[in-house]
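First the structure, which I've put down as C-alpha cells, then a few questions once you've had a look.
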Amino acid sequence: MSQTGPTIACATDEARLETLNRYEILDTAPEPGFDAIVREASRTCAAPVALVTLVDRERQWFKARHGLEQTETVLDQSVCAHALGSRELLVIPDLSLDPRTAANPLVTGGSHLRFYAGAPLVAPNGHVLGTLCVVDDVPRPAGLSPEQADRLRALAGEVMGELERRRAAEKPSED
C-alpha cells in the first residue's frame, strides 16, 4: 500500500519532524510510565493492543506497546499517520472498509487488524507527534463509548506529560 496526499505530507512535515526530534525519544528503551499508560488504554478500551506510536519520516515507532511484539512498522503500513493532520480522536470502526486502510498489509495480512482508535499526541507547539492508539482484530461498528474516548484522550495527555517530563529531566541545569 502506498500512502499519498495529506498523510505523507503530514508525516514528512519538517517542522513536525524537528519537534519530534527535540524529544530525543526515538529508539529509546522502554520506560515504566509509558508502559503503564498503554496497559491502562488497553484495559479502558477493552482492546487487545495499545501503543504509544511516534511517526517518523519513514516509519512509525512504538515507544510503548501492549499486546504487540513489533517495535515499529514502515510508514506505508501506519494507520496512525492518518491522525497526524488533526487534533481530534481518529476512530476507524472497520479498517477493511475504510479506503485509507483497506489495502494496508496489517489489515489484509496475518494480523487482520479491523478496529483502530487513536488520540493524537499534540506537542505544546501544536505539532502532532503520533498517537496513543488501541487496536482490535474485530470491527467495532459503534467505535468507543464516550467514556472510553474521553479516557483515551486523557491518557494521550499523560503521554505528552511523560514526554515533557523526560525532556525537562534531560536538559542541562542552567545554574
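The values are calculated or read from the model by the stated rules, or taken from the named source; none is laboratory data. Fair warning: this is a prediction, and the values are worked out from it, not measured in the lab. Don't worry about glycine lacking a Cβ; one is built from the backbone with ideal geometry, like all the others, and counts go over all protein chains shown.
Select from region 69-78 the residues that are under 24 Å from Glu40 (Cβ atoms) and either in contact (Cβ under 8 Å) with a residue 60 or more places away in the chain or charged (D, E, K, R) (or both) and write down the one among them that is surrounded by the fewest Cβ atoms within 10 Å (Cβ to Cβ).
The extreme case among them is Glu69.
Report every pair of residues separated by at least 6 positions or lying on different chains whose Cβ atoms are under 7 Å apart, first residue within region 44-67 and among the charged types (D, E, K, R), second part of a loop (DSSP other than H, G, I, E, B).
Every condition considered, the pairs that remain are Asp56/Leu26; Arg57/Thr12; Lys63/Ile25.
For Phe62, are the conditions met, namely being within 25 Å of Leu163 (Cα to Cα), crowded, with 17+ Cβ neighbours inside 10 Å and among the hydrophobic types (A, V, I, L, M, F, W, C)?
It is true that Phe62 is within 25 Å of Leu163 (Cα to Cα), crowded, with 17+ Cβ neighbours inside 10 Å and among the hydrophobic types (A, V, I, L, M, F, W, C).
Something else about it: Looking at Ala9, Ala41, Ala50, Ala46, can you tell me which residue is surrounded by fewer than 22 Cβ atoms within 10 Å (Cβ to Cβ), hydrophobic (A, V, I, L, M, F, W, C), at pLDDT 95 or above and out of contact with any Pro (no Cβ under 6 Å at 6 or more places or on another chain)?
When all the criteria are applied, what remains is Ala46.
While we're here: When you check Pro105 against the structure, is it out of contact with any strand residue (DSSP E or B) (no Cβ under 8 Å at 6 or more places or on another chain), of a type outside the set (A, V, I, L, M) and surrounded by fewer than 23 Cβ atoms within 10 Å (Cβ to Cβ), yes or no?
yes
Next question, about the same structure. For region 17-26, what are the residues that are crowded, with 17+ Cβ neighbours inside 10 Å and either of a type in the set (Gly, Ala, Ser) or more than 15 Å from Trp61 (Cα to Cα) (or both)?
Selection gives Thr19 alone.
Given (1) over 22 Å from Tyr23 (Cα atoms); (2) in contact with a helix residue (DSSP H, G or I) (Cβ under 7 Å, 6 or more places away or on another chain); (3) not polar (S, T, N, Q), identify the lone condition not met by Ala102.
(2)
Taking the stated definitions as given, is Ala81 loosely packed, with under 14 Cβ neighbours inside 10 Å and of a type in the set (A, V, I, L, M, F, W, C)?
no
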